[in-house]
Ligand SMILES: Cc1ncc(COP(=O)(O)O)c(C=O)c1O
């Protein structure tokens, strides 16, 4: 994942495209980010750990967000806030569009799509010709689910811990087209990776056509051994649909490394891009055979852009993804992931030995990152979630789903240790009453 310079190229293109200077300074790289690499370079490479723990640095990151001073938001897993530079970019682009919508949207901002596609491809480790910019993970994944050519009786492997929108899409195909769903049942966090792979292997028989894999389970934060499962699928000639809604820009990987034939994610989660932004990846050789969800003139075209026939949509949202990438690159993927691991360990270590508190996520760095769930004896997850909110103004989400129970705690890069001290103090107080 490298730092590309398409934004400058884009500026150049825009200047060339419009004879009169209709595009002012609105696309300049944001100078508000300049301090981050400077601050980082003041640390020797050997002191990377110190930067992970350096609250001065992370307080300044926090100041780049407009987080509520009242409510402590620890449900960043639901949807992430945008750094102020992303919010401002969105507002600038949106205002510009409102000056002459069809001109600024379709003639000016539209020219930013290809450079953006390339930047996203560099980040995701794919070719730009394999990425479509869409509105969220649901749209991306349902494009794959409904676009696949499946016949009555074709078998698809899904998991009970997949995301509801995706399970509903597959169930709708089962109802409408007569495909057959084969369900994997996981008992997390108790199962080892080998047991997880074995549970999938049991369902991935030689007649299976598609295996749906949620890379990072939203219910409890467990990271599935996606590539190992994908290898099983490919060994029987099946294809994989990978749900990366919770892993993308959270943990480091390139999409092809997952063994994904089709991949969808939202960008308004861990990348902190504007609400309503997402990404669809389709492996080059599958594009022509996948029907677009919203029809295009050439449904069997090998051009990934056929998945972007979405009708009128916000170009401001789309273009401000660029500032979210700038922000992500400024912090750096590795540092971000290390900090999120550090924050998870910080709060879970502070409470895990209390006899009434149970961390219900496997906290090993290979099997979870920022997202983690906690239980307390004597309180249902909803009761614990309400107590945290009503008594301590801490916003979380309660999970009571299948065999997963707990309050989900999700810090982000703008979460500082003092925030988590507030959480652990609250948890210990509640456990002791
Ligand atoms: C695993 C997973 N997949 C897909 C989605 C859908 O994301 P969106 O609502 O942005 O489409 C979510 C949302 O939380 C999710 O957790």
Which condition breaks for residue 79 when tested against (1) assigned to a helix (DSSP H, G or I); (2) surrounded by fewer than 16 Cβ atoms within 10 Å (Cβ to Cβ)?
-> (1)
Answer from 301, 288, 296, 254 - the residue that is over 21 Å from residue 97 (Cβ atoms), more than 16 Å from the ligand (Cβ to nearest atom), at pLDDT below 95 and over 12 Å from the mean Cα position of the chain (by Cα) = 296
Selection from segment 154-168 of residues near the ligand (Cβ under 8 Å from one of its atoms) and either part of a helix (DSSP H, G or I) or touching a helix residue (DSSP H, G or I) at 6+ places or on another chain (Cβ under 7 Å) (or both) yields 165, 166
Can you tell me which residue within segment 344-354, out of those that are in a loop (DSSP other than H, G, I, E, B) and either within 25 Å of the chain's Cα centre (by Cα) or free of Cβ contacts under 8 Å to residues at least 60 places away in the same chain (or both), is surrounded by the most Cβ atoms within 10 Å (Cβ to Cβ)?
-> 352
Leading residue by the ranking (surrounded by the fewest Cβ atoms within 10 Å (Cβ to Cβ)) among those in segment 227-245 that are within 16 Å of the ligand (Cβ to nearest atom) and touching a residue at least 60 places away in the same chain (Cβ under 8 Å) = 241
Out of the residues in segment 207-226 that are out of contact with any helix residue (DSSP H, G or I) (no Cβ under 9 Å at 6 or more places or on another chain) and away from the ligand (no atom under 11 Å from the Cβ), which is nearest to residue 77 (Cα to Cα)?
-> 220
Exclusive hit being touching a residue at least 24 places away in the same chain (Cβ under 8 Å) and buried (at least 24 other Cβ atoms within 10 Å of the Cβ), set 275, 248 | 248
When you look at residue 19, is it more than 19 Å from residue 339 (Cα to Cα), surrounded by fewer than 16 Cβ atoms within 10 Å (Cβ to Cβ) and modelled with pLDDT of 75 or more, yes or no?
-> no
Out of segment 121-141, which residues are buried (at least 23 other Cβ atoms within 10 Å of the Cβ) and within 16 Å of the ligand (Cβ to nearest atom)?
-> 132, 133, 134, 137, 140, 141
Can you name the number of the only condition in (1) touching a residue at least 12 places away in the same chain (Cβ under 8 Å); (2) within 30 Å of residue 396 (Cβ to Cβ); (3) more than 24 Å from the chain's Cα centre (by Cα) that residue 190 fails?
-> (1)
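The values are calculated or read from the model by the stated rules, or taken from the named source; none is laboratory data. Worth saying up front: this structure is predicted, and the values here are computed from it rather than measured. Note that each Cβ is placed from the backbone with ideal geometry, even for glycine, and that neighbours are counted across all protein chains shown.
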